[in-house]
Every structure is written in structure tokens, then in C-alpha cells.
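Reading through the C-alpha cells given below for one structure.
The values are calculated or read from the model by the stated rules, or taken from the named source; none is laboratory data. Small disclaimer: the values here were computed from a predicted structure and weren't measured. Cβ placement follows ideal geometry from the backbone for every residue including glycine, while neighbour counts extend to all protein chains displayed. Just so you know, the surface numbers come from the protein's heavy atoms only, side chains and all, with ligands and any DNA or RNA stripped out. Shrake-Rupley method; radii C 1.70, N 1.55, O 1.52, S 1.80 Å.
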Protein chains: 2
Amino acid sequence: MGASRRLLLLSTSRTSGTSYLEHASEQIDWLLPEKGTRIAFVPFAAVRFSYDDYEAMVVGGFSDHEVVSVHRFDDPVSVILDAEAIAVGGGNTFKLVHDLHHFGLMDAIRARALSGIPFVGWSAGANVSSPRLCTTNDMPIMEPASFKTLGLIRAQINPHYLDAHPEGHMGETREERILEFTIMNPQSPVIGLREGAMLKVDGPVMTLEGRTGARLFHGESDPQEIDPGSDVSFLL
Amino acid sequence: MGASRRLLLLSTSRTSGTSYLEHASEQIDWLLPEKGTRIAFVPFAAVRFSYDDYEAMVVGGFSDHEVVSVHRFDDPVSVILDAEAIAVGGGNTFKLVHDLHHFGLMDAIRARALSGIPFVGWSAGANVSSPRLCTTNDMPIMEPASFKTLGLIRAQINPHYLDAHPEGHMGETREERILEFTIMNPQSPVIGLREGAMLKVDGPVMTLEGRTGARLFHGESDPQEIDPGSDVSFLL
């Protein structure tokens, strides 16, 4: 299952000095080679802005295509089933996972993405392509029915991966937080995608794209640096 | 219910330049006026260090008393039922809430704390005195059976509250994260306790102690500054 999947999983929606999704335009053109592809957009990670505003922003990021936000329909599952591609936007991951379960979208999106229709997710939308919610940076503002997510890849994504320990921040570093996860879940690898990094999945091959690289955490092993362009198919 | 409760809820276990729990020594003496009080300690928030090491650290913080960590017993609930006071330590809040439900400790601790035996919690251990897990800063490394927590006070505590937006950090500020919560949960007030701040609950009266103050978030209202020494009984 999933041998024909085509996925694009972005750490972030934008990098400093680029417009919405612009830093991934080359990879979006790879994912969606036909102009006018009908994309079902999932806006449910939005909390501090409206779904309508979110849709308008995303339309700009996919200007060669037709974006339809599922929030406009009584039956969002049917929009997923009819779509030619699926896009899941960032925001609060707990809100997103809550709503994906609530509307029955988790199974529908998973089935369609594994059957080979293009899937793109950024930030929270990339996080949910992993097996579980467990490596988000977000505040748990809602309780989802389950932490189970799409499971399109085997690794857990940590979006917005940050190396620095910001001054004045008394809490754990990002690395320490992820090590808490790998201690409790030694079987689950975690890939920390720096801002601008992304994963491209073409059937059985996954590649790290972008210029900023990633950091891999797995069980008791020392964290490992992954360079841009690396084949990371072992994390599928 | 809870009219006789005596609680001490700390943002953090230590501040810069003080030893473990030292910044709260005056309030701990208020909470535990009798020397040699038998304290049941809950170490289950620990992930990156052992429960034994955690117990040793906490024994030092309560040197006038007798600390017994519940992890040493087959039946941790009975330790809570026999204790003269309860202390819940910080670490990862998801791990703590998972284990409190798993071992049946949530109801036992709640019942005893509301019946009036002294309760002290710091960081994750203060967070769980609120009705729900929802305002932790921690990574969701495990899925708890429920987000429901002790509900000893009505407000949600956000421990380690931070005003700054650390340089190089592309994510949301703490205030923005909490506003996501208040948008989704307009009926739940959130008190962000800065490092060194703490709440002292003496029956029907709650006071903000420490020198660093707190920030209050509630529904659509503008966030509000709370000065050290303020009566915050309206959050009980």
C-alpha cells in the first residue's frame, strides 16, 4: 500500500522574505504538473484567523490551480473523495487533528493519498502525515478523539525545527523535547525539519529538499545531521 | 467542596541562582507548618532522569519533612491515601497525566487535596491542578487516557510564562498560544505564571505570591497584568 504515493511535506508555509508557499514553488510544480488541478484544501488548523481568510491566502500559493476549501461544504469527506489533489494547512495541530477525526476526514485523506493523488501539507499539515500527533510544538488547546494521524510515512515529523536555545527561555531546547519523545517511543524515528526544509515522496523514494537540512533522532542513537538532497527513503 | 483546601502551585522548581524549591521556602513553611510531615511525592513527569534521582532531589527541597516517592510501591494509590501531604513534581505534563490516569491517582489525589491535606505542585505538577491538560508548554510525547486533570482550581495554569518572543524563534509567542486556547475555550480563564511566581490557596482565598507577577487571559478580553500579592480568589 502506498507504493504510488506522491507527497510534499513542508516545515513551514513561508520563509523569511518569501511569499506564501513560494519557497516550495519548484516542488509544488513537481507535485502538480498539470495546470488547473482541483485541490481540496483543509483549513481546520486555523484558530486565530477565519477559514475564508485562510482559503484566500492559499489560493494565492497555488495560483496555477483551483483551490476548494472543504469548510464550504456540508460533507467535507465528499470533497476529498472528488479532489484531484489534497492540501492540508498549518496552524494548531491539536485543532487540526480534532477536526480531522470529528469530520471523518482522517481515513478519507489517508486512503486517497495512499492511492496516489498528490498530497501537500505544511507545518501542522506535514505533522499529521506522520503516524501520531506526538511531535508537534503546539499547545494542546483541544482534546482530539485520538492522537492517531494519517501515517503516510513512518517517521514522525517535527516542523519548524530549531537548533538554538533562545536566550531567556528557561524551558527545554527542541532537541531535549524530542529526546523525551524518543526515550518514551524508541521505535519511532523523528525528523526535525528546519524552516525551509521539506520532504518529497515519490512512490518508494523520499528525498530531503530545501536548503536548510534536517536533524534525525532515533532511540538511544546520537542525533544525526541530514544534508539537503539526501535520500531518506528509510524513513518511509 | 474544597473549602478547606491548602494548595501551593509553583511555576517552576527553581529560579536562577536558587537551589531546588528554595525560592518557595517561605510558602512551603506556611503549607507544612509541622516538621516531619509525611509527603507522598509523585515523580511520574520525569522522562530524562530516573524516579530515584528525582526523589533524591526533592528530599533536599523538603529537608524538614519525610518524602516518600509513590514509584517505590506496588499500590501508589494507597500511599496517597496514607499521606499527610502530596507533592507533584514537574517534567513532561503528558507523561504525568498519562500516568496519573493509568495508576488511578487522579481521583485519589483530587479527593485528598479537596479534603484539606496540603498539596504542592510545580511546573507540570501545578498545571495538573487545573481542570485540563490544555495549557502546558510540553511536547505531547504520550497520549493520556483523557486531558481531564485534578480540577483543584477553576483557572488553567500556564507554567513558565514567558513575555519575550525569543530572537530566531519563528513560531508563535506564548501569548499567541494562550490566545488560541481562549478563542477555543472562552469560558476558561488562563493564568500565566512567570518563573518564580506561585499561587497560594488557603480555603476560599487564592493569592499570587513571588515577585514576578502573572498574566491573565480570559475569552475576548485584553490580557491583564496581575501584580505580586494580588487576591485572585475569583479564579478558584
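Per-structure values
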{"item": "Distance between modelled label sites at A:Ala164 and A:Asp82, nm, 7 Å Cα→Cβ extension", "result": "4.7"}
{"item": "Accessible area (Å², 1.4 Å probe, nearest 10) - A:Asp52", "result": "80"}
{"item": "Cα centroid separation, the range A:60-75 to the range B:214-229 (Å)", "result": "38"}
{"item": "Chain B: most fluctuating residue of B:Asn158, B:Asn185, B:Asn127 per GNM, C-alpha cutoff 10 Å", "result": "B:Asn185"}
{"item": "Shielding score for A:139-149, defined as the mean number of other chain Cβ atoms within 10 Å", "result": "6"}
{"item": "B:Lys148 accessible area, assembled protein chains, probe 1.4 Å, Å²", "result": "120"}
{"item": "Cleavage-rule hits, trypsin sites (Lys or Arg not before Pro), the range B:171-236, DSSP coil, Cβ neighbours within 10 Å at most 16", "result": "B:Arg211"}
{"item": "Test item: A:180-190 mean partner chain Cβ contacts at 10 Å", "result": "3"}
{"item": "Among B:Pro186, B:Pro159, B:Pro144: highest mean-square fluctuation, GNM of chain B, C-alpha pairs under 10 Å", "result": "B:Pro186"}
{"item": "For chain A, built as a Gaussian network whose Cα springs stay under 10 Å, the top-fluctuating residue of A:Gln27, A:Gln187, A:Gln156", "result": "A:Gln187"}
{"item": "In nm, spacing of pseudo-spin labels at B:His102 and B:Ala56 (7 Å Cα→C-beta vector)", "result": "2.4"}
{"item": "Cα-Cα over 23 Å, subset of A:Lys95/B:Lys200; B:Lys95/B:Lys148; A:Lys200/B:Lys95", "result": "A:Lys95/B:Lys200; A:Lys200/B:Lys95"}
{"item": "Considering only the protein assembly as shown, percent of DSSP beta bridges that pair antiparallel, nearest 5", "result": "50"}
